[in-house]
1. So which strands (runs of 3 or more DSSP E) stay within the range 11-92 end to end and still have 2 or more residues that are open to solvent by less than 20 Å² (accessible area, probe 1.4 Å), away from the ligand (no atom under 16 Å from the Cβ) and on the phi > 0 side of the Ramachandran plot?
2. Before we move on, is LEU319 within 30 Å of ILE90 (Cβ to Cβ), surrounded by fewer than 19 Cβ atoms within 10 Å (Cβ to Cβ) and out of contact with any Ser or Thr (no Cβ under 6 Å at 6 or more places or on another chain)?
3. Which residue pairs have Cβ atoms under 6 Å apart, sit 6 or more places apart or on different chains, and have a first residue in the range 211-234 that is over 14 Å from HIS180 (Cβ atoms) and a second that is open to solvent by less than 50 Å² (accessible area, probe 1.4 Å) and in a strand (DSSP E or B)?
4. Quick check, is ARG350 open to solvent by 30 Å² or more (accessible area, probe 1.4 Å) and within 14 Å of the ligand (Cβ to nearest atom)?
5. Please find, within the range 194-235, the residue that is most open to solvent (accessible area, probe 1.4 Å) out of those that are charged (D, E, K, R) and part of a loop (DSSP other than H, G, I, E, B).
6. Say we look at the range 134-143 and pick out the residues that are among the aliphatic types (A, V, I, L, M) and assigned to a loop (DSSP other than H, G, I, E, B); which of these is surrounded by the most Cβ atoms within 10 Å (Cβ to Cβ)?
7. So, ASN378, is that one closer than 26 Å to GLN259 by Cβ, modelled with pLDDT of 95 or more and either assigned to a helix (DSSP H, G or I) or touching a helix residue (DSSP H, G or I) at 6+ places or on another chain (Cβ under 8 Å) (or both) or not?
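The values are calculated or read from the model by the stated rules, or taken from the named source; none is laboratory data. Nothing here was measured: the structure is a model prediction, and the numbers come from that model. Because the Cβ atoms are built from the backbone with ideal geometry, glycine has one as well, and the counts that use them run over all protein chains shown. Each accessible area value is taken on the protein alone, full model and side chains, heavy atoms only, with ligands, DNA and RNA left out. Shrake-Rupley method; radii C 1.70, N 1.55, O 1.52, S 1.80 Å.
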Amino acid sequence: MINQERIKNLLLELVQIDSHSRKERNVAERIKKYCEEMGAEVEIDDAGSKVGGNSGNVIARFRGTIPDAEPIMMSAHMDTVVPGEGVKPIIDGDIIRTDGTTVLGGDDKSGCAVILETIRCLKEQNIPHTDIEAVFSICEEVGLLGAKHLDVSKIRSRYGIVFDSDDPGFLFTRGPSSNHLEIKVHGLESHAGVAPEDGISAIRIAAEAISAMKLGRIDEETTANIGVIHGGAATNIIPNLVTLWGEARSLNEEKLEAQCDHMVQCFKDAASRYEVTVEGKTTKASVEASVDRDYSSMDVPDSSRVVQLVLGAAARMGLNVQTMASGGGCDANIFNRKGIECANLGTGMRAIHTVNEWLDVKDMYASAEMTLEILKLNGEIALNKG
Ligand SMILES: [Zn+2]
């Protein structure tokens, strides 16, 4: 059994340590100390200096009790989204929320707490276990940067669990690839009252493009969004430039490419309808588009070792855990691409990335109990092999 009071207090402590992305230092030092007290060898890597942050990823290596057994990785991210500084947690029975001025940061401090509490229980209860490599990453929320800059040659594990989703009854094993788009629409500046016929409105072109575009949920595997639009200088100037930023995601690479092509083509089609000739000089509207990869999809089969391990542990507890596809990306997307087979288990975080974020501690306890069982079963499997 896990110690409910202790994990709850640990969560409350961690959420009150500020750790916006690139400013994870204080929480990293706290987690490092906690791991060292449990006997781990702990390193903070150089990922922070590569991304302009004040801390790297915390890598804590816990020695197992089973000789020659393969290690397992456990991972959660330390950074939070904004506004996440000066969190004042409010405890309302089993629910923890904030005063409404900040996020809670249960995303992903609940994951950090689950990892730390379960390892503590293994040690206290003398449960046979393999080596454990705990990775507490930075900058997950700003593009999975900590995971991207993690030197995997430092990690011996070939499989593991990321703790970074909501319901502990689900194991996320599939996730989309994601691209981001930057579009610049170039028109032609002119005085809106004196010579409107000499201008080309970039805002109008952008509007026509967007209104012709498929956005939102494209199909069961694909989504798309134009999220930011910026342009124009004054009401009396025909705007010559609009910049837009958007994204598309899909579990299917071909669909993702088709959606991005479609979005760019809508801008090109709209721009192609506009040109003006002023004093013999013809100007055509134009579009500059760039499409870049944010992260690539993950697809861990149900037959894989890590999924079988989680489902096996759940079955022993009489629980029904289902594998699922997520619409979001997380560090597991990166780890899988780097050769560490990872699935993402829920910890109880809810309404994340909003000031209404909350967490039911019963979900976090359930997640930790299941994780303890996973590590126990993992140890038994290793013992049987040896
Ligand atoms: Zn998260």
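1. Because the criterion is at least 2 residues that are open to solvent by less than 20 Å² (accessible area, probe 1.4 Å), away from the ligand (no atom under 16 Å from the Cβ) and on the phi > 0 side of the Ramachandran plot, no strands (runs of 3 or more DSSP E) in the range 11-92 meet it.
2. Values: within 30 Å of ILE90 (Cβ to Cβ): yes; surrounded by fewer than 19 Cβ atoms within 10 Å (Cβ to Cβ): yes; out of contact with any Ser or Thr (no Cβ under 6 Å at 6 or more places or on another chain): yes.
When the stated conditions are applied, LEU319 passes them.
3. LEU215/ALA224; ARG217/THR223; ILE218/ALA224; GLU221/SER250; THR222/SER250; ILE229/LEU244; HIS230/THR243; GLY231/VAL242
4. Working: open to solvent by 30 Å² or more (accessible area, probe 1.4 Å): yes; within 14 Å of the ligand (Cβ to nearest atom): yes.
In short, yes.
5. The first filter runs over the range 194-235 and keeps only residues charged (D, E, K, R), leaving 197-198, 204, 208, 214, 217, 219-221.
Next cut, part of a loop (DSSP other than H, G, I, E, B) only: 214, 220-221.
Values: LYS214: 112, GLU220: 144, GLU221: 59 Å².
By that ranking, first place goes to GLU220.
6. Just the residues of the range 134-143 that are among the aliphatic types (A, V, I, L, M), to begin with: 134-135, 138, 142.
Now restrict to residues that are assigned to a loop (DSSP other than H, G, I, E, B): 138, 142.
Details: ILE138: 33, VAL142: 15.
By that ranking, first place goes to ILE138.
7. Numbers: closer than 26 Å to GLN259 by Cβ: no; modelled with pLDDT of 95 or more: yes; either assigned to a helix (DSSP H, G or I) or touching a helix residue (DSSP H, G or I) at 6+ places or on another chain (Cβ under 8 Å) (or both): yes.
So ASN378 fails the test.
A quick yes/no check of all residues on (1) within 16 Å of the ligand (Cβ to nearest atom); (2) free of Cβ contacts under 8 Å to residues at least 40 places away in the same chain; (3) over 28 Å from ASN179 (Cβ atoms); (4) not in a loop (DSSP other than H, G, I, E, B):
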site: ASP302; (1), (2), (3), (4): no, no, no, no
site: VAL307; (1), (2), (3), (4): no, no, no, yes
site: VAL310; (1), (2), (3), (4): no, no, yes, yes
site: ALA315; (1), (2), (3), (4): no, yes, yes, yes
site: LEU319; (1), (2), (3), (4): no, no, yes, no
site: GLY327; (1), (2), (3), (4): yes, no, no, no
site: ALA332; (1), (2), (3), (4): yes, no, no, yes
site: PHE335; (1), (2), (3), (4): yes, no, no, yes
